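Engineer: One structure, as structure tokens, below. Some questions next.
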Amino acid sequence: MPEKIAFVGLGIMGKPMARNLLKAGYDVTVYDLRPEPGKELQADGAKVASSPADAASKADITITMVQNSPQSKAAIAGQNGVLGGARKGHLVIDMSSIAPGPSQEIAAECEKKGVKFLDAPVSGGEPGAVAGTLAIMVGGNAVDFERAKPLFDVLGSSSVLCGGYGAGNVTKLANQICVGLNILALSEAMVLATKAGVNPETVFNAIKGGLAGSSVMNAKAPMMFERNFKPGFRIELHHKDINNAMETAQALNVSLPTTAFLQQVLTALVEAGEGTNDHSGIVRFVERLAGSEVKKF
């Protein structure tokens, strides 16, 4: 019989992920600080809990999907958190994108109570959450990973055990560095083409099949020249991830010079009030420097 699931955090990612588990036939109890998303999922068959502890008490596995390290700590180990309702042998899967150090601290709190833990951040943004095609990067042990694998197969198109506690979030930070710098380089390329009088859509079509081509280019270049910055993944969330990457690098005494520049770009965009735009909106930083806006001719 499938294990019962609690899902804590029903934001832009969490709500469609919980809905996919319901569609797959799982018994799902949900909780969010806001009542509205829980009511939506209740209409799809979910039960609604009064707290993370209450949700966990009704389940065998709890998934958390919240914004950052402090929220994960509060949702899992805080007052009325998951550990308040989880029985021995319960599995907590934190699918939030947080810093590796706090993941390891949460794992230690879980172990004290005989509760299993995986950190399992994802890549793919809202479209991947809706479609169930997320890439899932996991930290923890192999036995717990195998237990969670049927859920990961519903939520994503791939899941990889990357190492021990925190390894999933280290991998996610590596992913976010690559994605962010790719978008920044693409932004510079599109601005250069536009300023030189060449249609950026034509440039995209000419180079996407070569070595410069990437999933990032295919997803984000059209958003740039179509001026569509509706968020699949918000700048403010990418900013959070890169802040976590730089915090981790500092703790490890690792120099990440281009990531540090990306951090400054994202900081400037957030301060300019553009944090809720899709991260394809990184192009707007480059456009301001060049005095040229990327658009189709």
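Engineer: At 1.567 mPa s and 4 °C, plugging the Kirkwood radius over alpha-carbon pairs of the chain into Stokes-Einstein gives what diffusion coefficient in µm²/s?
Structural biologist: 65
Engineer: Something else: Which order do peptides 239-245, 271-277 fall in by mean Cβ count within 10 Å, highest first?
Structural biologist: In decreasing order of mean packing, 239-245, 271-277 become 239-245, 271-277.
Engineer: In nm, to one decimal, how far is the modelled label at Ala251 from the one at Ala268, with both set 7 Å along Cα→Cβ?
Structural biologist: For Ala251 paired with Ala268, the spin-label model returns 2.9 nm.
Engineer: Bin width 5 Å, alpha-carbon pairs only: give the P(r) of region 34-91 as whole percents, running from 0 to the bin holding the largest distance.
Structural biologist: All Cα pairs, binned at 5 Å, distribute as 4, 20, 25, 27, 17, 6, 1 percent.
Engineer: Between Ala260 and Phe297, what is the spin-label point distance in nm, taking each point 7 Å from the Cα along the Cα→C-beta axis?
Structural biologist: 4.0
Engineer: What is the projected area of the convex hull of the Cα atoms of region 1-150, averaged over all directions, in nm²?
Structural biologist: Orientation-averaged projected area of the Cα hull: 7.7 nm².
Engineer: Need the full-extension length gain, Thr133 to Lys230, defined as separation in residues times 0.36 nm minus the C-alpha distance. One decimal, nm.
Structural biologist: Working it through step by step, the gained length comes to 32.9 nm.
Engineer: When Rg is the radius of gyration of the Cα atoms in region 1-73 and Rh is its Kirkwood radius, what does Rg/Rh come to?
Structural biologist: Across region 1-73, the Cα-based Rg/Rh ratio is 0.93.
Engineer: Here's another thing I want to ask about it. Kindly count the pairs of lysines across region 1-91 whose alpha carbons are less than 13 Å apart, treating pairs on different chains or eight or more residues apart as eligible.
Structural biologist: Summing the qualifying lysine pairs gives 6.
Engineer: Next question, about the same structure. Let me have the 222 nm mean residue ellipticity of the chain computed from DSSP H runs of 4+ only, each contributing -39500 (n - 2.57), with the sum over all residues rounded to the nearest 500.
Structural biologist: -16500 deg cm²/dmol
Engineer: Full extension from Asp153 to Leu192: what is 0.36 nm times the residue separation minus their Cα-Cα distance, to one decimal in nm?
Structural biologist: Full extension from Asp153 to Leu192 adds 9.9 nm.
Engineer: If you don't mind, there's one more thing I want to ask. What nm value, rounded to one decimal, do you get for the distance between Lys4 and Ala206 when each label is placed 7 Å out toward the C-beta?
Structural biologist: Going by the 7 Å Cα→Cβ label model, 6.2 nm.
Engineer: I would also like to ask the following. Given all pairs of different Cα atoms, what value in angstroms does the Kirkwood hydrodynamic radius of region 163-297 take?
Structural biologist: It works out to 15.4 Å.
Only the coordinates and a few stated rules stand behind these numbers; no lab work does. Keep in mind the model is a prediction, meaning the values are calculated, not measured. Positions of Cβ are backbone-derived with ideal geometry, glycine not excepted, and every protein chain shown enters the neighbour counts.
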